[in-house]
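Report on the following structure.
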Amino acid sequence: THDGDDVVVSAGRTGGATRELLADDPRLKKVLDAGAAADAKPGHDGYRPDRYTSELAVAILETRRPRFLFVSLGDTDEYGHGGDYGHYISALRADDRFLGEVAHIASSWERDGDTVMILATSDHGREAAFRDHGREHPESARTWFVAAGGAFAGGPRGKPALHKLSDIAPTIEVAIGADPRPETETGVAMTELFADPRGSQDHLASLGIW
């Protein structure tokens, strides 16, 4: 967006300079307040547990129908660092159910004629011993990326190549028909994921990255 007033940010339990823009809706305010009052566990400080972030995201989709929604979930990482594999798996299953809800909403929008794309990824993997990640654990650099709908409908053309997380931004730009920035700045578009390598010029109803 070119207008910052159109961007609503709710980060953590009470963060986000424009989070109060959501409070004018009773449903959204209820979820915001519940998240703000929640215990930070499995995180700490201002962390908001995923159950509240997921509920807020679904409520936003159903009440605001945004053109773009970015959702970041962190319970798996918190449980991973704590060495709690059982709760790590439970958090993964909760994230999977959340994506199912998003896909269900997206299907209803597509029936209305909108083009919807859903992108899901992780910002890193985990070390072989599970708990940590980072430069000292090079195996944790391996992760995954899934894209569905819109320009990605029909599946990839051939075998996907190896990519970096920095390639996601130009991939989105191609997918929505925008002019990509110089490749030296943001990586390269994952064109093999497109049904049409030129991307999509269709109206983008919503796009989420997790």
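The values are calculated or read from the model by the stated rules, or taken from the named source; none is laboratory data. In this text the structure is predicted, and so the values were computed from the model without any measurement. All Cβ positions, glycine included, derive from the backbone under ideal geometry; neighbour counts span all protein chains shown. SASA here: full protein model, heavy atoms, side chains in, ligands and nucleic acids out. Shrake-Rupley method; radii C 1.70, N 1.55, O 1.52, S 1.80 Å.
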Assigned charges on the beta-carbon of Lys, Arg, Asp, Glu; the range 96-137 dipole about Cα centre (debye): 140
Nearby aspartates and glutamates by direct alpha-carbon distance to K164 (threshold 12 angstrom, same-chain neighbours under 8 apart not counted): D123
The chain, helix-only ellipticity at 222 nm - DSSP H runs n ≥ 4, -39,500 (n - 2.57), divided by all residues, nearest 500: -11000 deg cm²/dmol
For the range 65-76, Karplus couplings with θ = phi - 60° (6.51, -1.76, 1.60), whole Hz, Gly/Pro x: 6, x, 6, 9, 9, 10, 10, 10, 10, x, 4, 4
Debye intensity ratio I(q)/I(0), log10, the range 1-67, q values 0.15, 0.16, 0.21 Å⁻¹ (C-alpha model): -0.45, -0.51, -0.85
Rounded percent of accessible protein surface that carbon and sulfur make up, the range 63-182, 1.4 Å probe: 54
Highest-first arrangement of 80-88, 146-154, 159-167, where packing means the average Cβ count within 10 Å: 146-154, 80-88, 159-167
Among Y79, Y52, S108 the positive-end extreme of the charge dipole of the range 48-131 (Cβ point charges): S108
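Express in % the proportion of alpha carbon pairs of the range 19-130 at distances exceeding 22 Å.
Everything past 22 Å amounts to 40 percent.
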Cα centre as origin, Lys/Arg/Asp/Glu Cβ charges: the range 95-176 dipole, Debye: 320
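Taking the Cα centre of the chain as origin, sum charge times position over the Cβ atoms of Lys and Arg (+1) and Asp and Glu (-1), and report the length of that vector in debye to the nearest 20.
Charge dipole, the chain, about its Cα centre: 360 debye, nearest 20.
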Candidates A59, A40, A129: whichever shows maximal mean-square fluctuation once the chain is modelled as a Gaussian network with Cα springs under 10 Å: A129
Mean Cα-pair separation over length for the chain, i.e. relative contact order, pairs under 8 Å, 6 or more apart, %: 19
Estimated vicinal HN-Hα couplings, Hz - the range 127-143 in sequence order (Karplus 6.51, -1.76, 1.60; Gly, Pro = x): 5, 4, 8, 5, 5, 10, 7, x, 4, 6, 10, x, 5, 6, 6, 6, 8
Compactness of the chain as Cα Rg over 2.2 N^0.38 Å, two decimals: 1.07
